[in-house]
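This report concerns only the one structure given below.
The values are calculated or read from the model by the stated rules, or taken from the named source; none is laboratory data. Everything numeric here is computed off the predicted structure, so don't read it as measured data. Every residue, glycine as well, gets a Cβ built from its backbone with ideal geometry; the counts of neighbours run over all protein chains shown.
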């Protein structure tokens, strides 16, 4: 189903770790830690800045890959892992992109399931890697039929 896009990468997209967005994100996940929003706490921290919550990169734009047309609904979130070289500081700019690492299928109780493995990257303006995110999306037989694949 998605074997033709394995190994393809999106173009890099500029993103900013915006204070208001971090505040809304922290509120949405129910984590009121002052390191995310209180400027005095951030300035006194070992990072000397406010930082974003660990899962904040979900809010970034990673661009698109031609031919990778995912369904708008029905995907199952299978797995997700983050690796950081350092925290994301409020106000910094990052360049984000993703690549399709793998696609494979397995038979399940309700039919054939597809597993799409994607890796996302965030770099500083100099090209230094700040974080990676690996995720697996599961595409059920019902979704596959709706897509007419």
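The residue list 74, 67 contains one member that is more than 19 Å from residue 102 (Cα to Cα), in a loop (DSSP other than H, G, I, E, B), touching a residue at least 24 places away in the same chain (Cβ under 8 Å) and in contact with a helix residue (DSSP H, G or I) (Cβ under 7 Å, 6 or more places away or on another chain), which is 74. Kindly establish whether residue 108 is at pLDDT below 95 and closer than 24 Å to residue 10 by Cα. So residue 108 does not fit the description; no.
Could you tell me whether region 100-111 includes any residue that is more than 29 Å from residue 3 (Cβ to Cβ) and in a strand (DSSP E or B)? No: zero hits. Summed over region 1-38, residues that are modelled with pLDDT of 95 or more and either outside any loop (DSSP other than H, G, I, E, B) or crowded, with 16+ Cβ neighbours inside 10 Å (or both) total 22.
Limited to region 103-122, what total is found for residues that are touching a residue at least 24 places away in the same chain (Cβ under 8 Å) and either surrounded by fewer than 16 Cβ atoms within 10 Å (Cβ to Cβ) or out of contact with any strand residue (DSSP E or B) (no Cβ under 8 Å at 6 or more places or on another chain) (or both)? Residues meeting the conditions: 5. Restricted to region 72-102, and to residues there that are surrounded by 14 or more Cβ atoms within 10 Å (Cβ to Cβ) and modelled with pLDDT under 95, the residue that is nearest to residue 46 (Cα to Cα) is 80.
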